[in-house]
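Engineer: Sharing a structure, written as structure tokens. Questions coming.
Any read-out appearing in this document is the output of simple, stated calculations on the displayed coordinates, not a laboratory observation. For clarity, every value in this text was computed on a predicted model and none was experimentally measured. Here Cβ is always computed from backbone atoms with ideal geometry, including for glycine, and neighbour counts include all displayed protein chains.
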Amino acid sequence: MITQTPWFERKFDLNFPVGLFPVIIERLEGTLPRIVALTKGLSDETLTSKPSGEWSVKEQVGHLYDLEELWYGRVEDFLSGKELLRAADLRNTKTHEADHNKKTIGELVELFSSARNTLINKVKDVDEATASLTALHPRLKTPMRLVDHLFFAAEHDDHHLTKIRQLLRSK
């Protein structure tokens, strides 16, 4: 089996046309139904299991919710003309302190759904000029367009959805 590349080792080729914006929005909208499909009918024991000390399924879902504030904030950075996007907490303090395993999966899904809908509603109708606004990504040290930022968020979603699927397959 191929080992998944760790998130912080990922490199991103952001050389695609702005015309992929609708596809990227579709991916972002598709994260919620994928979470629901992956977690439907699973026991709390399965959802909170932490093999090898990794995050549980609930913690993975909670982490996706936790990052919505950053994704939205970076959209605001683009729209306000900032040259540098706000930095992420690379230690994931919010997720480590949130105790997502004490929440129900329904609560986590609802939190994520609400936050993701807020993000989608903010960007879904932007024009090409707005989707092309650029700012510097603080960790990658590379210019990023708004459309690239949304692609980055969709890739992050898929990274954690893959982690969830791997956790469930190991059961």
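Engineer: Would you compute, from DSSP H runs of 4+ residues alone, the mean residue ellipticity of the chain at 222 nm, taking -39500 (n - 2.57) per run and dividing by the full residue count, rounded to the nearest 500?
Structural biologist: Per the formula, -19000 deg cm²/dmol.
Engineer: How big is D, in µm² s⁻¹, for region 43-99 by Stokes-Einstein at 25 °C and 0.890 mPa s if Rh is the Kirkwood radius over C-alpha pairs?
Structural biologist: Roughly 190 µm²/s, to the nearest whole number.
Engineer: Only four residue types carry charge here, +1 at the Cβ of Lys and Arg and -1 at the Cβ of Asp and Glu. Report the dipole size of the chain about the Cα centre in Debye, rounded to the nearest 20.
Structural biologist: 440
Engineer: Using the number of other C-beta atoms within 10 angstrom as an exposure proxy, rank Thr162, Thr95 with the fewest first.
Structural biologist: In order of increasing Cβ crowding within 10 Å: Thr162, Thr95.
Engineer: Now for a separate question. Leaving out same-chain residues fewer than 8 places away, which lysines sit with a Cα under 21 Å from that of Lys11?
Structural biologist: In chain and number order, the partners are Lys141, Lys163.
Engineer: Which of the listed residues, Pro17, Trp55, Ala115, is farthest toward the dipole's positive end in the chain, when Lys, Arg count +1 and Asp, Glu count -1 at the beta-carbon?
Structural biologist: So the residue we want is Trp55.
Engineer: What is the projected area of the convex hull of the Cα atoms of region 1-143, averaged over all directions, in nm²?
Structural biologist: 9.9
Engineer: Here's a follow-up. Once the dipole of region 124-171 is set up with Lys and Arg at +1 and Asp and Glu at -1 on Cβ about the Cα centre, which of Leu167, Phe151, Pro138 lies farthest towards its positive end?
Structural biologist: Leu167
Engineer: Trypsin sites (Lys or Arg not before Pro) within region 1-62: which are DSSP loop residues with at most 13 other Cβ atoms inside 10 Å?
Structural biologist: Counting only loop positions with at most 13 other Cβ atoms within 10 Å, the trypsin sites (Lys or Arg not before Pro) in region 1-62 are Arg10, Lys11, Lys40.
Engineer: Now, a different point. Going from the alpha-carbon gyration tensor of region 69-171, what semi-axes, largest first and in whole Å, does one get by taking the root of 5 times each eigenvalue?
Structural biologist: Ellipsoid half-lengths, sorted descending, are 27, 16, 14 Å.
Engineer: Using the alpha-carbon centroid of each, what span in Å lies between region 34-49 and region 50-64?
Structural biologist: 11
Engineer: I would also like to ask the following. Please report, largest first and rounded to whole Å, the three semi-axes of the ellipsoid equivalent to region 115-171, where each semi-axis is the square root of five times an eigenvalue of the C-alpha gyration tensor.
Structural biologist: The answer is 28, 16, 8 Å, longest axis first.
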